[in-house]
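A.B. asks: Can you read through this structure? Questions will come right after.
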Amino acid sequence: MELRQLRYLIGIIDYGSFSKASAQLHIAQPALSQQIAHLEIELRCPLLIRTAQGVTPTEAGLQFYRHAQAILRQVDQARADALGGAVGKQLMGTVSLGLPTSTSTILALPLLQQVRTVLPGVRLKILEGLSGHLLELLLNNRIDCAIQFRDTPAKGISIEPIVEEDLYAVSSDVATENQPIHLRELSGVPQALPGRPHGMREFIESTFKTHNLNLNIIAEVDSLSTLRGIAASGFATVILPQSALVELSAEGRLSSRLIVEPVLTRPLALCRPQGITADRVSEAVVDILKQVAADLIKSRRWSGARLIGATKP
């Protein structure tokens, strides 16, 4: 077994196909296929399922994928330690982090910049997607950690709540901008929401049901940019945190109103697969993530958000 074979397998699973991995890894596709075939023969089990739509890992492939990531990270760290001096004190390796789209909008860039500054030997890999997809990646050990909208553990993952965000009614009605809106005022108002099983959709449905209010869903949209465009056009109201509004909508001006009576909040938690011990590299990145989040909130660049346990203003 060779280290390059581990890198090849990781690349194929990450990119979802031999052709994409071949281009990214700069190796001819026949040679790449041959190396994986040798690895499967040595392990005496198939690692990948090949279909016309691409490649997916087998159960054994997923387990081996995770071990391969850990092995390569340890090799990188051993190489850095062996160099000695200042370089030897640097952590090295790759950490994969899943971020929901709205959180990525506010957090991704400053986090990447800070990791680059503090941990120059670490490559941070950010995967942006819907919370349900990120949860699936966590459960399959495809990523090291992810931000999820939850305050209770799920089977197979551990959680560490870090931030809570207020939710706002977002529309094109600039005349009422920054004026709080009672939840009951949204009863029957045309709304665009993400489709199931999105965490925000489930939370909003549950909240309206609890308060016996009419949730009038006229569109299901899983794109944050499209939701912002819908709100700006006046077609419907959407419910979002302020972090989702950092990027200006190309469709027009957005008006946001804090939802009150009750104030609606969603928790953001750092989630990791259970049963897997985080290494030094992952822990260092997580520490930076927490500090970046705290700095963004303190500077008011992340408005409508608080560290878990902090007192509401």
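Only the coordinates and a few stated rules stand behind these numbers; no lab work does. Since we're looking at a predicted model, the values are computed, not measured. Virtual Cβ from ideal backbone geometry, glycine too; neighbours counted across all protein chains shown.
A.B. asks: Only Lys, Arg, Asp and Glu count, each charged at its Cβ (+1, +1, -1, -1), so figure out the dipole size of the chain about its Cα centre, rounded to 20 debye.
C.D. replies: Around 460 debye, computed over the chain.
A.B. asks: Turning to a different aspect of this structure: Roughly speaking, what is the stretch gain from Glu261 to Val174, that is 0.36 nm per residue apart minus the C-alpha to C-alpha distance, in nm to one decimal?
C.D. replies: Here the segment from Glu261 to Val174 would lengthen by 29.2 nm.
A.B. asks: When the Cα atoms of the stretch 203-313 are enclosed in a convex hull and the volume is divided per residue, what value in Å³ results?
C.D. replies: Spread over its residues, the Cα hull of the stretch 203-313 gives 168 Å³ apiece.
A.B. asks: While we're on this one: Give the separation of the Cα centroids, the stretch 164-200 to the stretch 1-68, in Å.
C.D. replies: 45
A.B. asks: While we're on this one: Note down, for the stretch 1-88, the three equivalent ellipsoid semi-axes (square root of 5 times each alpha carbon gyration tensor eigenvalue), biggest first, whole angstrom.
C.D. replies: Sorted largest first and rounded, they come to 26, 14, 11 Å.
A.B. asks: Just to be sure I follow: if Rg is taken over the C-alpha atoms of the stretch 92-239 and Rh is the Kirkwood radius over the same atoms, what is Rg/Rh?
C.D. replies: Across the stretch 92-239, the Cα-based Rg/Rh ratio is 1.02.
A.B. asks: Specify the longest stretch of the chain that does not include any exposed loop site, a site being one of the trypsin sites (Lys or Arg not before Pro) with a non-H, G, I, E, B DSSP assignment and at most 14 other Cβ atoms within 10 Å.
C.D. replies: 156-252
A.B. asks: Taking the Cα atoms of the chain, what is the range of coordinates along each of the three principal axes, in descending order and whole Å?
C.D. replies: Sorted from largest, the Cα extents of the chain read 65, 49, 36 Å.
A.B. asks: Right, something else. Once you've got the Cα coordinates, tell me which of Lys20/Lys155; Lys209/Lys298; Lys20/Lys125; Lys155/Lys290 are over 27 Å apart.
C.D. replies: Lys20/Lys155; Lys209/Lys298
A.B. asks: At a temperature of 10 °C and a viscosity of 1.306 mPa s, determine how fast the stretch 168-263 diffuses translationally according to Stokes-Einstein, using the Kirkwood radius over alpha-carbon pairs as Rh; express D in µm²/s, rounded to the nearest whole number.
C.D. replies: Diffusion coefficient, whole number: 120 µm²/s.
A.B. asks: Angle, helix 101-118 long axis vs. longest principal axis of the chain, Cα atoms, 0 to 90°, nearest 10?
C.D. replies: Once rounded, one gets 50 degrees.
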